[in-house]
Amino acid sequence: MTERTFSIIKPDATERNLTGKINAVIEDAGLRIVAQRRIRMTEAQAKTFYEVHKERPFYGELVGQMTSAPVVVQVLEGENAVAKYREIMGATNPEQAAEGTIRKLFAKNVGENSVHGSDSQDNAKLEIAQFFTEDQIVG
Ligand code: ADP
Ligand code: MG
């Protein structure tokens, strides 16, 4: 089934000029970038976005990292887009990520791991709505 997922190219990646290389992995996997915008995430946006992790020890570091440099927010579309993107992103910790995955190729460490991808269709819808209106998504 064709579905959508939400992606962020994180500050550690935009700082190293990796947007195009990451987009190439996304497109080579058959996912279509149907919306994309480069933004500076505000502290409020980062805190809301990662609210589920607010009790975790790394929450402050994570919010700091997400607001440290520009990010690229994206909507990706394709067959089983949520699961497919999780697969090509690789494990959260790049040391555990499979060969050829974005995190294996580019991530610096478990915190600065280059990309975010939604973990369910419900979260994808909620995350997309935080950054895009329906008319900004052109499938
Ligand atoms: P994922 O991004 O793979 O869905 P999580 O939802 O568990 O992973 O965590 C959200 C983000 O928080 C991670 O992508 C990473 O940037 C950061 N993070 C997760 N675990 C750690 C950790 N142990 N130390 C530092 N940062 C972490
Ligand atoms: Mg997650």
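The values are calculated or read from the model by the stated rules, or taken from the named source; none is laboratory data. All figures in this text were calculated on a predicted structure; none of them were measured in a lab. Here the Cβ is made from the backbone with ideal geometry for all residues, glycine too, and neighbour counts use every protein chain on show. Quick note on the areas: whole protein, heavy atoms, side chains included, nothing else; ligands and nucleic acids left out. Shrake-Rupley method; radii C 1.70, N 1.55, O 1.52, S 1.80 Å.
One table, with the values for the structure above:
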{"quantity": "Proximal aspartates and glutamates relative to Lys108, as straight alpha-carbon distance under 20 Å, when same-chain residues fewer than 8 apart are discounted", "calculated": "Asp12, Glu15, Glu61, Glu87, Glu95, Glu99"}
{"quantity": "Linear extension gain, Gln136 paired with Leu105, 0.36 nm per residue minus alpha-carbon span", "calculated": "8.2 nm"}
{"quantity": "Rounded, prolate or oblate (a/c below 1.5 giving rounded, otherwise prolate when a/b exceeds b/c) for the range 63-118 by Cα gyration tensor", "calculated": "oblate"}
{"quantity": "Student exercise, the range 1-93 dipole from Lys, Arg, Asp, Glu Cβ charges, in Debye to nearest 20", "calculated": "200 debye"}
{"quantity": "Accessible area of Leu31 in the full protein assembly, 1.4 Å probe (Å², nearest 10)", "calculated": "10 Å²"}
{"quantity": "Cleavage-rule hits, GluC sites (Glu not before Pro), the range 24-110, DSSP coil, Cβ neighbours within 10 Å at most 10", "calculated": "Glu55, Glu99"}
{"quantity": "For the chain: relative contact order, % (alpha-carbon pairs under 8 angstrom, 6 or more apart)", "calculated": "38 percent"}
{"quantity": "For the range 89-120 versus the range 34-70, the gap between their alpha-carbon centres in whole angstrom", "calculated": "17 Å"}
{"quantity": "Residue-level accessible surface for Met41, protein heavy atoms, 1.4 Å, Å²", "calculated": "10 Å²"}
{"quantity": "FRET efficiency estimate (nearest 0.05) - Cβ-Cβ, Lys21 to Glu43, R0 30 angstrom", "calculated": "0.60"}
{"quantity": "Exposure of Tyr85 as accessible area (Å², to 10), given a probe of 1.4 Å and all protein chains", "calculated": "0 Å²"}
{"quantity": "Phi-based couplings in Hz for the range 71-88 (Karplus 6.51, -1.76, 1.60; Gly and Pro marked x)", "calculated": "10, 10, 8, 9, 10, 10, 10, x, 4, 6, 4, 4, 5, 5, 5, 4, 5, 7"}
{"quantity": "Extreme residue, positive dipole direction of the chain, given options Val82, Asn123, Leu18 (C-beta unit charges)", "calculated": "Leu18"}
{"quantity": "Accessible-area ranking of Asp28, Asp12, largest first, probe 1.4 Å", "calculated": "Asp28, Asp12"}
{"quantity": "Accessible heavy-atom area order of Phe58, Phe49, highest first, probe of 1.4 Å", "calculated": "Phe58, Phe49"}
{"quantity": "Gln96/Ser120 FRET efficiency (R0 30 Å; Cβ-Cβ; nearest 0.05)", "calculated": "0.90"}
{"quantity": "Cut-off of 10 Å, at most 15 other beta carbons, DSSP loop: longest stretch of the chain lacking such trypsin sites (Lys or Arg not before Pro)", "calculated": "55-107"}
{"quantity": "Cα gyration tensor shape of the range 23-139, rounded if a/c is under 1.5, else prolate or oblate by comparing a/b with b/c", "calculated": "oblate"}
{"quantity": "Surface per residue (accessible, 1.4 Å probe) for the range 41-139, Å²", "calculated": "53 Å²"}
{"quantity": "Descending semi-axes in whole angstrom, ellipsoid equivalent of the range 15-68, from the Cα gyration tensor", "calculated": "26, 13, 12"}
{"quantity": "The chain: most fluctuating residue of Gln65, Gln96, Gln74 per GNM, C-alpha cutoff 10 Å", "calculated": "Gln96"}
